[in-house]
Structure formats: structure tokens, C-alpha cells
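Quick notes on the structure that follows.
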Amino acid sequence: MFRLNPLFTDGCVLCRRREIPVFGEAEDGTQITAALRAANGKLLAGDTRAARNGRFLLCLAPQEARTGCTLEIMCTPALSPTDDRAAFLHYALTNARAEEPSSCVVRDVAIGEVWLAGGQSNMELALMNADEGPAEVAAHDDGLLRFFDVPKWARACDEADEAFRNTRWQKALPGQAAWVSAVAYWFGRKARAHLNIPVGIIDCWWGGTSVTCWLSEETLASTAAGQRYLDEYAEKSAGVTMEAWLAAETVFRDGLDAWNQRVDEVKRELGQDAPWAEIEAQAGACPWNPPVGPGSQYRPHCLYDHMLRRIMPTGVNGFLWYQGEEDAARTDRYDLLMGQLIGAWRRDFGGADLPFLFVQLPGWGGCEDHEAWPRLRLQQAAVAKALRSTGLVVTLDVGDRDNIHPTNKRPVGERLYELARTVAWGEQGELSPEAVSVKRDPGALVIGLSAPLRPDQPLEGFEVCGADGVWHPAICRILGESLRLTCEAVPDPLHARYAFIDWPETVLKGKNGLPLAPFAL
């Protein structure tokens, strides 16, 4: 039995400048040979390995970007102990041409930038449902921007295996990119235009999921924060069988589909731009009560087990991540969990220095605890500052007060692209100004910034506190690339913060037009 992982099918994109893993399934002992050839037939790289435990993994030497390649995979009987592996590899690469029934030729192979896009619903939001999306879907014609969508399955079953086996790379041709991630699309579109090389995006996301869904059970159990998620879910789902969960899940999905239909009807009556409060008043509150159980996509480590593992250890040039909404009110150690995820993904995909770029939560006015999202934003920023080759894009200005899924995704993807220029490609992209220092002045705090702010805007959203820890609004004055904060109620300020609320009424911009990053110093 020989089966190449669907990531390596016609039209695939392989990562540039890193070792290229090629993997799949085969009977133990079978010798698998891979030959990567340029468009003119020249051999670029090759490897031969024996399958073990029903799997094989080959490693091809790093390559520069190119198009029109072929990947030849050849299967032969096991080598004897006396066989010369180097001689066998030389023979296989120079003489065999993938003519055996258990071999194959993968055509239209591109080598370029490959990024894994993960997270929850704001990464999942499809291009066709985003601002400017329908026009992009209809007209964008770029065969070198390609997407691979990992099927959404959270349990082991034949249907999940079949769905993954049938998945293929999709080119961004007219009408073909409707369901790709809007954020990842805009990132890829800018990267293609700037680098002028193939770009591949592997979409691996699921709405409503916690960061713990994307970590292994072993990793979660290694910290108290992760173990708490495991224990809580085990307690909630105790005694629930797969059959009971499947039945409850059907009822839940039917109810959610009916509610979504009512929302669409109300929007048609009131207009697409009607306030969410009016829509909800007529359609009712979202029936978000997914059942717990052994097949739920919301249980810890399930998507790591049933989605992410399917594509390990494919070669990537970096990660895009947009998640956090689900965990904002559930943990005060999101920074620890995110640090674990970054480290684990880098190990799983073969690079301790792989760039990890993620999106800070935008503004949203729907939190019961108005400090939950700002707390998580600061934890996201702390992770980006603590770990090398990471970066965070600020999106306070592109949120939606009434919609946790803002549809203005173009700025998000393009800011990730600018971050990639800085973190991944050795350039200097356009980044948000951020607070980099604080010093005490008589009766004031002076905040140093990484870049200047626009002078012609209301300087709101700043607070200071003294030794009593009580926060008060502060008056802000711009001093070049610094801010001077004062408050009559706090004659001796010790700490300052900015935008510490879920929905800031005013978002300050730098001279480059990007929002000032929230801070607490």
C-alpha cells in the first residue's frame, strides 16, 4: 500500500530555502525514492528512505523559488542488509522514471513561500464574506497564489480520512477562491506582488476554538494552565458517549442553521448595515450551546490530533495566527499557552526560528467584562516581545462594535504582510507605533514611542495610577516621539496604560496611518 500525502499532489507549493519533507504511507520496509526535477528535467534534489510503522519521510535539499517542477516518487522492494544505499539512490534517480504502478509523478510543482494560517473564526472568515471579497473572488487570476484547506474534522472516522485524501491545492483563479481565509488571501496577494515568487497558504483553522484545541495533550498536561483546560472538559463531558454526542450535535447544528437563516431574512428586511442589536431583537440571540463530548471540535488537543497532525511535518516558511476571542474570559495565562503553541508548532514543522506572526484582538463592544479583551491583548503583546522571530499586528481600528467577526479583513492581511517583511524577509515593513519606554517626570509620566503619532487627532484613552492602584483618565501631550501624561487626581503617577477597554471610542494613529499599540507600563 502506497499513498502520498495530499499536500504533494499536482499544483502543490513546496517551501523555499528550507529542507523539503515529503511523506505519506507505505508498507514497512518499502524503499521510497523522491526526485525533484526542474522544468527542463534537471535533477534538483533526491532522497531514498524505507517506510517504518506504515509511514515514510523523505528530506529534499533546500531550493530557491521556481515553477514548472515535477516530483517523481518511486517505490521499490526493501533493500537487503548488503545493498549499498548510496548506489541504490544514484540508480533510482538517474534511471527510474516513475513507471511502476505504485509510483507517481506530481506535476506543476512550484517552490516558493509556504505559510500555515491557523486560528479561529476571524482567520476562518471566507474571502467571499469579507469586504471587497466578492469582487476579488470573481476577478483575481493568479495561478501562483495557491491554497490548501485542511478538512475540518475533530474525530477519527472514515469520512475524515476520505475528505483529507481528496483535498487538493487550489489556485487563486477567477471564481476559485471563495472559501479561502480572507486574512490569508490578502497576506498572500501582497506577498505575491512583492516577492514575485509562488506563494502557498495552508489553511488550518476552526471557528470558536480555544488555543488549547491546537496543542497536544502532552503539552497541555505539562503546565497547570493547560491541565486546567483538560480537567474542566473531562468533567463536563464525563459519561457522554460518541453516539449521544452525535445526536446532540445534530440538534445543535439544525438550531444554529435555522437561526442563521432568520438572521439573513432580517438583514434582507432591515438592510445589510442594520445595527446588530436590531437584528438580534428580531432573530433572537445566537443559540451558541455546542454540546460537549468525545467528538467536539472544542475539546482540548482534538484539532492538534485530527487536523494538524495530518500535515506534519510539511515544510513551511512561517505561521499566521488569528485567535484569542475564545480564551479571553477563560484564562489569565494565555501568554503561557501561546508560548507553548509557538514552540510546539516550530518543533513539529522543523524550525526553531520559523517566523510566527499573529493578530492582536480588534475592538469589539460585546464583552460582559470590558477588561477581558484588553487583558488578552496585553498578553499577546508580551508573547511577541518575549519570543524571537515573532510579531504582532495591531487591529484596534478595524474592529466592529457590534460584530465579533469584522469583515474588513484586507488591512489585517496586509499588516501581516508588512510584519513578514520585517520578521521573515530582512526588510523594514510599516509597523504600528508602540510604547518602548517610560520615565517619571515631576507630576507626570513620559512615554517613549517607536514612531511619532499624527498631531491632529484627539489624544484620548490614556490613564495613569499612583501607589493606590486606582486608574484615572490622563491628559496627554505629544513631545516629538514621546507622550507626556498628567492627571490632577494623581499628583505622583507610577503607571500608565492606553486603550484598556474592549471597544475604544478613539484609536490613535501614527504618522504612517497605523494604530498605536495598546500598552500598560
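Report the paramagnetic label zone for W259: residues of the stretch 147-184 whose backbone N is under 19 Å from a point 7 Å from Cα along the Cα-to-Cβ axis. Under 19 Å, as judged by backbone N against the label point of W259, lies no residue of the stretch 147-184.
Entry note, the chain: relative contact order of 12 percent, from Cα contacts under 8 Å with a spacing of 6+ residues. Derived scalar couplings between HN and Hα for the stretch 289-296 equal 9, x, x, 8, x, x, x, 6 Hz in order, rounded to whole Hz, by the Karplus curve 6.51 cos²θ - 1.76 cosθ + 1.60 (θ = phi - 60°), x for Gly and Pro. Most simply put, the chain has about 70% antiparallel DSSP beta bridges, counting only bridges with both residues inside it.
Accessible area per residue for the chain, computed on protein heavy atoms with a 1.4 Å probe, is 43 Å².
Taking θ as phi - 60° and the Karplus parameters 6.51, -1.76 and 1.60, the scalar couplings of the stretch 167-175 work out to 6, 9, 5, 10, 7, 7, 9, x, x Hz in sequence order, x denoting glycine and proline. Global dimensions of the stretch 330-409 from alpha-carbon coordinates: Rg and Dmax equal 13.9, 41 Å. Could you tell me which of rounded, prolate or oblate describes the chain, using a ≥ b ≥ c as the square roots of the eigenvalues of the alpha-carbon gyration tensor, with rounded for a/c under 1.5 and, failing that, prolate when a/b is larger than b/c and oblate otherwise? Prolate. Counting charges near W503 (Lys, Arg +1; Asp, Glu -1) among other residues having Cβ under 10 Å from its Cβ returns a value of -3. Of the cross-linked pairs K171/K511; K409/K509; K171/K267; K385/K509, those separated by over 28 Å at the C-alpha level are K171/K511; K171/K267. Counting only residues at least eight positions apart within a chain, or on another chain, there are no lysines with an alpha carbon under 16 Å from that of K236. Along its principal axes, the stretch 169-288 has C-alpha extents of 52, 46, 27 angstrom, given from the largest down. Among the trypsin sites (Lys or Arg not before Pro) within the stretch 413-521, those in coil by DSSP and having at most 12 neighbouring Cβ atoms inside 10 Å are K511.
Among the chymotrypsin sites (Phe, Trp or Tyr not before Pro) found in the stretch 191-226, not one is both in a DSSP coil and sparsely packed, with 15 or fewer other Cβ atoms within 10 Å of its Cβ. Cross-link partners for K439 among the aspartates and glutamates, with Cα-Cα distance under 16 Å and sequence neighbours closer than 8 places in the same chain left out: E463, E481, D492. Placing a pseudo-label 7 Å from each Cα along the Cα-to-Cβ vector at A281 and R165 gives an inter-label distance of 5.4 nm. Phi angles of the stretch 129-139 translate, via the Karplus equation with coefficients 6.51, -1.76, 1.60 and θ = phi - 60°, into HN-Hα couplings of 9, 9, 4, 6, x, x, 5, 5, 4, 6, 10 Hz per residue; Gly and Pro are given as x. Principal-axis analysis of the Cα atoms of the chain puts helix 334-348 at an angle of about 20° to the longest axis. Here the accessible area of the chain is 49 percent carbon and sulfur, with a 1.4 angstrom probe and all protein chains present.
Taking amide H positions as modeled 1.01 Å from N, with prolines and chain starts lacking one, the residues under 5 Å from G24 and 5 or more places away or on another chain are N5, F56.
Near A45, the amide H atoms lying under 5 Å from its own belong to L36; only residues 5 or more places off or on other chains count, and H is placed 1.01 Å from N.
When the trypsin sites (Lys or Arg not before Pro) in the stretch 40-72 are filtered for DSSP coil states and for at most 11 other beta-carbon atoms within 10 Å of their beta-carbon, the remaining sites are K42.
Volume per residue, Å³, of the convex hull around the alpha-carbon atoms of the stretch 93-209?
140 Å³
The values are calculated or read from the model by the stated rules, or taken from the named source; none is laboratory data. Please read these numbers as outputs of a predicted model, since none were measured by experiment. Methodologically, a virtual Cβ is constructed for each residue, glycine included, from the backbone with ideal geometry; neighbour enumeration extends over all protein chains shown. Surface areas here come from the heavy atoms of the whole protein model, side chains and all, with no ligands, DNA or RNA. Shrake-Rupley method; radii C 1.70, N 1.55, O 1.52, S 1.80 Å.
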